[in-house]
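Trainee: Starting off with a structure, shown below.
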Amino acid sequence: METLKLSGSFGDERTDLLRLCTELRPVTNKPDVQSWVFDLREVEKLGAFAASVLGAVYLSAVERGLRLSVHLPDGSPSLRSFAKDTGLEDLVATGVPAGSSSPRHTYVPLIQFFDSPWFLGDSVVALLGKYKRIDGDFEDYLRICISEAAQNVIDHAQSTVGGVMCCRYNEPDNRVSVCICDLGIGIAGSLQLGGKDMATFTQTLREKAQRGITSKSRPTNQGLGIRNMLDAVTGCGGDLVLLSSGHSFTIDTSVPFLKIGDGLVPRPPPGRSQASSLPRHRSGDFHARAGGMIFTCPIS
Amino acid sequence: MPDLVTIKASQWVAPQRAVTDSAEDTAHAIVEQLRAGNSVEVDLTDVRGVPSSYFNLILIRIAEAHGLPTLERVTFRFASAVQRTTYERSAHAVRESFAA
């Protein structure tokens, strides 16, 4: 039996996601260990990104028949709420996500998906609808981001646990954070299976974002998914993080395209995490620029 | 003069259906109408969050069945500007891949 003890803060920032993936690496990288203790009692903060990644790793461990004992955070009321609202508590109790489309407080609880991305956006829109009135264009931006990220998992990941999504609306920042992750073969792996000759992984991802490069996992793939995600997220002034097989990428919204992140993960879990965060300004109107157009979304 | 037939895409969209299944059914309906000599308008106004895979598959099936020029006989009614952009990007990619 080995213990994986997490401590400190794992919020919704890219650096938090990178550190979490690095710390979880032993769970996917030590096939000889059949029994794990996840000890989260000393964490100070957890966010939607952490919930998705923890959920995916937990599901993978269950699928592999590992014996798991999980100590969820029990310190502050907010951390106890986190465990409940994200569905982590349910997951640990039952071994499967509750799969509820009903948002809880500021979270959409963990959702596992295998085939269809259509319904994933519903719960996020329902969550935001509890706090704000969102217009059709913003809703479509959000739904397309989710659909494209989820469809990438469905088409390319070969993840035995499918994809896992969690979402949080942060009311003080007026920001919605969505994380979709899998434990599949990673972006580089899917490109290699498609016979793509990659000079480097980073170069491939950059090209994928700018021009559209596809592994052709399906004959109809055109390599547009990540590019559409980038446009949708940056169009709303948000951030997009892609994390896969040793490299991370982030969007600097002051420049038009993908920028290589400054933090590389030496050995993250397999698969990919696609985390997007869309700010929603509180000035009474929501302004987002997309393709040179200004959208105004009144917030009631 | 061919008739213009409107197809509501939402009839093949369901929460648990794969995008590819929804697209295949929609494409089949479009191809049949084109075969009958009609022009087609695809109404997407009550379908949200359409990923590029959906458009790719529909456009490719039409082009495979009737050739690339036939795409001119198919129009789309969009739910939003971002949906239109997603479609236009797919249409461009499909045209390029068929031309190659």
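Trainee: Run the numbers for residue B:84 and residue B:39: contour at 0.36 nm per residue of separation, minus the present Cα-Cα distance, in nm.
Mentor: Working: separation 45, 0.36 × 45 = 16.20 nm, distance 1.93 nm.
Full extension from residue B:84 to residue B:39 adds 14.3 nm.
Trainee: Oh, and also: Is there a pair in A:5/A:84; A:130/B:8; A:132/B:8 whose C-alpha atoms are over 27 Å apart, and which pairs would that be? Could you put the intermediate results ahead of the total?
Mentor: Details: A:5/A:84 20 Å; A:130/B:8 30 Å; A:132/B:8 29 Å.
Pairs exceeding 27 Å: A:130/B:8; A:132/B:8.
Trainee: What does the structure give for A:110-122 when I average, per residue, the other chain Cβ atoms found within 10 Å of the residue Cβ? Before the final figure, lay out the partial values.
Mentor: Details: counts 0, 0, 0, 1, 2, 6, 10, 7, 14, 5, 2, 2, 3.
Mean partner-chain Cβ count within 10 Å for A:110-122: 4.
Trainee: For a quick check of your reading of the filter: which trypsin sites (Lys or Arg not before Pro) in the stretch B:1-80 sit in a DSSP loop and have no more than 16 other Cβ atoms within 10 Å?
Mentor: Passing both the DSSP loop test and the Cβ count: B:17.
Trainee: So if I take the centroid of the Cα atoms in the stretch A:13-59 and the same for the stretch B:1-75, what is the distance between those two points in Å?
Mentor: 42
Trainee: Among A:63, A:139, A:89, what is the fewest-to-most ranking by other Cβ atoms within 10 Å?
Mentor: Values: A:63 12, A:139 21, A:89 17.
Ranking A:63, A:139, A:89 by Cβ neighbours within 10 Å, fewest first, gives A:63, A:89, A:139.
Trainee: List every residue whose amide H lies under 5 Å from the amide H of residue B:75, counting only residues 5 or more places away in sequence or on a different chain, with H placed 1.01 Å from N in the peptide plane.
Mentor: The list, which skips near neighbours in sequence, is B:40, B:41, B:42.
Trainee: For residue A:38, what residues show an amide H to amide H distance below 5 Å, using hydrogens built from the backbone and excluding near sequence neighbours?
Mentor: The answer is A:4, A:69, A:70, A:71.
No lab work stands behind these numbers, since they all come straight from the coordinates. Source: prediction; values computed, not measured. Cβ sites come from the backbone with ideal geometry, for glycine too, and all protein chains shown count toward neighbours.
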